[in-house]
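All of the numbers you see were taken from the coordinates with simple rules; none came from a lab. Model, not experiment: these values are computed from the prediction. Using ideal geometry, Cβ is built from the backbone for each residue, glycine included, and neighbour counts are taken over all protein chains shown.
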């Protein structure tokens, strides 16, 4: 008789964990997935393309219903877990009877931060997190509403691009002096800004939101410098907060996220956590790649095999507002490192490779990301690159030509 | 303008480069350029052209041309009207002559001038201004041959003709790299060898391409030619190989000369000792010469450019006189002249030690010429020869100098001294066609725009005494005028109008011809009297004709086969040469001998050939050749840089380590100047010792030291316009398709390049920086076209400019090409074709090596595949070298060659 394993949250991490478990521990667990989003797990990364009208809402579904069924997984979406009773190994579910588990996995993800400024609660202030948000933003865009997006990170840029593409006049506010400061160095961010502005999006840097004006509904955004931007809607995309409430109330150790060890185990031995809600070695990851690596490790562990998560070399590799952007490792290039830079503004490309003690330790690519995965491989494998240093900037094809017969 | 431009007809003219004097068919393209082909009817080349000749069409552009008269006012050159410029020149000359005498004025002419220009210049100075201070860059070229001929024959007669090269059974090259310097003749001799089995011997301190595939190579010690030929003379005498009758009837001075020869090299052993050759090689040479009746000895700058050049010439002539092998079909001494009209200059007497028309400064000659010219102030004594002339300028004795069509600040020995001397002139006139060569930079007071090749019209004479027409096929640009017109106008202003009222080159030629025949009666070799009565039309239609062309004489007359020398007693003279010694001591501080010469694809100081991208591609940088043993001894690395120091100057050059270079000697090419290289003014290195008879300087044995010179960075730049490069940089400028190329080496901080580029490039710039790796590359664009391209990198790896050049050529680069441009590698992954070997068809070393790897085992097979070597053939020796050095896995080939 297989033991009940319950996953709270039906996002991308959950789906990947089920997939991995099916491969490594088929039949050992009776798996149930409970999530409060009213649909099957979907690819959150693609929400912006849905917003941009590049992808249909239903097309982003990760797995069809029968995929789950074939794996004997009970999927209960639209249900909210209200409490974990670690003692009795039981979950309380809003409007439902409790559910027992022998192993529990928290994949509760995160919530967009809402700035704590006057007016943040006005009607017309939204976030950009799930399909419901997308539907709402689409109606705004359709009505050509003037939108202010707060936050020049990945999420903000995605929202701004989607809205602009869908027809809304968009202004993007960013607190920092450059876009995506966690992924890009100054020249890269500057080039990205130019390319995004070419798409008709107005961008204000060093823009600190002071208050939101409006009588019941958003009318304008006021910045710390006193300037005022007329707006019909405001989207907060200035960071996320891991969803830790359940764990916290259950007495599980929590910092910013749910604290886990190298097998994704929380302070409560039968309870695990992964994805954006988990905090491993002090880091909460906001990207999908680490969640997938964590899922692989956790699945092996639950299958009783040796496994350990060492943390992820974070890399960003996607289209930001339709511009290819890649960033990995120590892309800023700290003490004792050397930087190789190739820039061609007219082609819209910027490439920076960081080398420390003969190894590639970081990279930023804008526009031309053809070799992104090769660079990432070099960074992860910590290979010596002296031999290919002169050519590596111009791509694997040139640096490592196929041996001619 | 009419639909069909009459100028677009094909014009028969003559190549302006070496003394072979090839016939050229030029067809203007109507856009200022011209299509060039060899003239199949011309007896010098029968349709062949060398790489330089083939590229003539690329060198007639007007970019670098001087188009208007200019006068220096308060330091700056300002455009003026012709009349003002000529008035100024005439007044200043008159003033200086009146104050300091006629000898304070001098002309320095060029083997590039047409005979008619030469004639007028010579007549004006020697007959009317009253000085023989008329010398020419031929002084640096073949004046030792002139002096040698005059001593032996009583006149400057070249007895041989090209036909002899077809009919000889033995061809002896002395100090001549004909394969590179007279390629078309050399191919003609190879044909003789192939068809008639003629054998070839090369005598040269360097194993040049001429020597790459010959029956015998004698790499003698520099300056010992006289010993070798003295030894030969003795050998001929002691082995019954003399033509006793010829000697008895037609010569004098035999005994003294032979006695002297015995002192210098009385035996094979003594000869070997004196020349550093093996006894066996010496004996072989002696035997081959002795046993071959039909032998032609060809000699060139290796003989002439020496402080004992005249003696070398006579040592050679002695052997031919002693065997009667002179002026006979297939048997003769033969001086190969370097310039298109050195011979024409000699014919009019445009040398300080000649008067006119092969007449010297003997009283009867002086009187004859005076009467013919109706000259008021005939020069009565020799003038100053080139080197002495510039020394006199430096001493302030000569105060006015007029330079025509040459580049003395580059080409004369101790060139820095010359450049300084020029600054002391009161009147410095330059008539030129290029605006900025080192001479023009040397601060002339007056610049006069002269017609260039393709625009001017007249005659030239080649190495075999053949007079050919240079004809205009392009319109005169700007206000440029023929040199003869400029001189005649000056003469009028000096008050000699009646004697210089020429209407055309034909007028002048007729007078020149008349003077050659004036009171001649066969007493003078140079006689073209039969051409005195040419009509203008006949002159225009004049076919190549070999002199003498005596009134009523038979064409194709040969000299000296039956004696008939032009000495007083009609006998040829044996001359006893001095014991050979090189001027200038080598020692611990100057352990090496510096040799100079030409390279295959460049001409003189590159003011013309430098305009051709094809010619620039073979050897783009000034270099020094050194033997591997010396290289290791002095720490010189192949393809590294080296500093060459003499007592006269310094150069920093690319080092080529070559087995062909003799131990203890260096070789540097003469072509580069301050215009196109920062540290390559080779003329500044060369000592100015001159030959006592010819005044020709010793240009091939200057004591020198060499040391490695390190550069941290190397790189190159390509640009549509000329660039002002940063200071303290070693650079060479090369013409490339679509613009200018610069190769450079640098020791300054890499960071100066981005700063420099900002000043040069526009908005649209792509950049690659790896300062840690010592690399900076950038390119600027206008639309899709590359405007400027800069590559800087560590010395060992500065990027491949061949690939970048191939992209620079295009008017637009694709996005993918732009993406890969700064990699310095071709996006197709196709390897670069490497440095150009065949300049005619632009075939690179890479392609050739591929063809060889692909099975081509002979130059012919390579030619069949790539066309390389099938035009001028001057790259064939290099092709053979590549075949020899390229690894070929195919076993059978090795077996075959072992068996064969």
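Quick notes on this one:
- Full extension of the chain between residue B:255 and residue B:95 yields a length gain of 52.2 nm, computed as 0.36 nm times the residue separation minus the alpha carbon distance.
- FRET E, pair residue B:857, residue B:816, Förster distance 35 Å, beta-carbon r, rounded to 0.05: 0.40
- Peptide B:150-158 has a mean shielding of 0, counted as Cβ atoms of other protein chains within 10 Å of each residue's Cβ.
- Residue B:639 paired with residue B:771, simple spin-label distance in nm, labels 7 Å along Cα-to-beta-carbon: 2.9
- Seen from every direction in turn and averaged, the convex hull around the alpha carbons of the range B:285-353 projects onto 5.7 nm².
- Coordinate range along principal axes, alpha carbons of the range B:204-253, Å, largest first: 41, 22, 19
- Partner chain coverage, peptide B:763-771 - average Cβ within 10 angstrom: 6
- For residue B:501 and residue A:397, a Förster radius of 56 Å and the Cβ-Cβ distance give a FRET efficiency of 0.15, rounded to the nearest 0.05.
- Taking the convex hull of Cα positions in the range B:170-233, its mean projected area over all directions (nm²): 4.3
- Computed label-point distance, nm, for sites residue A:30 and residue B:578 using a 7 Å Cα→Cβ extension: 12.0
- Contour excess over end-to-end distance, with Cα ends at residue B:748 and residue B:533 and 0.36 nm allotted per residue: 70.6 nm
- Working value for the range B:836-887: equivalent-ellipsoid semi-axes of 15, 10, 10 Å, each the square root of 5 times a Cα gyration tensor eigenvalue, largest first.
- One Cα centroid belongs to the range B:474-494, the other to the range B:164-203; the line between them spans 41 Å.
- One way to sum up the overall shape of the range A:200-330 is the equivalent ellipsoid from its Cα gyration tensor, whose semi-axes run 38, 20, 11 Å, largest first.
- Radius of gyration and maximum dimension Dmax of the range B:614-684, Cα, Å: 12.0, 36
- Kirkwood hydrodynamic radius (C-alpha pairs) into Stokes-Einstein, the range A:112-239, 37 °C and 0.692 mPa s, D in µm²/s: 229
- The modelled label-to-label distance for the pair residue B:10/residue B:886, using points 7 Å beyond Cα in the direction of Cβ, is 3.4 nm.
- Note on the range B:143-335: antiparallel DSSP beta bridges, both residues inside, total approximately 5 percent of the bridges counted.
- For the pair the range B:403-467 / the range A:36-54, the C-alpha centres are spaced 81 Å from each other.
- Here the range B:713-823 is treated as an ellipsoid with the same Cα gyration tensor; its semi-axes, largest first and in whole Å, are 20, 15, 13.
- Residue-averaged [θ]222 nm for chain A, counting only DSSP H segments that reach four residues, each worth -39500 (n - 2.57): -7000 deg cm²/dmol
- When chain A is treated as a GNM with alpha-carbon contacts under 10 Å, the residue of A:278, A:25, A:224 showing the greatest mean-square fluctuation is A:224.
- Peptides B:349-355, B:26-32 ordered by average Cβ neighbours within 10 Å, highest first: B:349-355, B:26-32
- Debye intensity ratio I(q)/I(0), log10, the protein assembly as shown, q values 0.04, 0.05, 0.08 Å⁻¹ (C-alpha model): -0.38, -0.53, -0.92
- The spacing between the range B:90-157 and the range B:678-754, judged by their C-alpha centroids, is 33 Å.
- Relative exposure of B:323, A:55, B:362, judged by other C-beta atoms within 10 Å (fewest first): B:362, A:55, B:323
- Per-selection Rg to Rh, chain A - Cα, Kirkwood hydrodynamic radius: 0.99
- Translational D in µm²/s for chain B (Stokes-Einstein at 4 °C, 1.567 mPa s, Kirkwood Rh from C-alpha pairs): 46
- In Å, descending, principal axis extents of the Cα set of the range A:318-405: 40, 38, 21
- Theoretical FRET efficiency, 1/(1+(r/R0)^6), r = Cβ-Cβ of residue B:374 and residue B:721, R0 51 Å, to 0.05: 0.45
- The protection proxy used here, the mean number of other Cβ atoms lying within 10 Å of each residue, ranks peptides B:122-129, A:17-24, B:212-219, A:117-124 as follows, highest first: B:122-129, A:17-24, B:212-219, A:117-124.
- Protection proxy ranking, peptides A:259-266, B:552-559, B:651-658, average beta carbon neighbours within 10 Å, highest first: B:651-658, A:259-266, B:552-559
- Neighbour-count ranking [beta-carbon atoms within 10 angstrom, fewest first] of B:255, B:416, B:770: B:255, B:416, B:770
- For residues of A:282-289, the mean tally of beta carbons on other chains within 10 Å: 0
- Top of A:394, A:236, A:272 by mean-square fluctuation, Gaussian network on chain A, Cα under 10 Å: A:394
- P(r) weight above 14 Å for the range B:5-46, C-alpha pairs, percent: 45
- Among A:301, B:235, B:320, sorting on how many other beta-carbon atoms sit within 10 Å of each Cβ, with the fewest leading, yields A:301, B:235, B:320.
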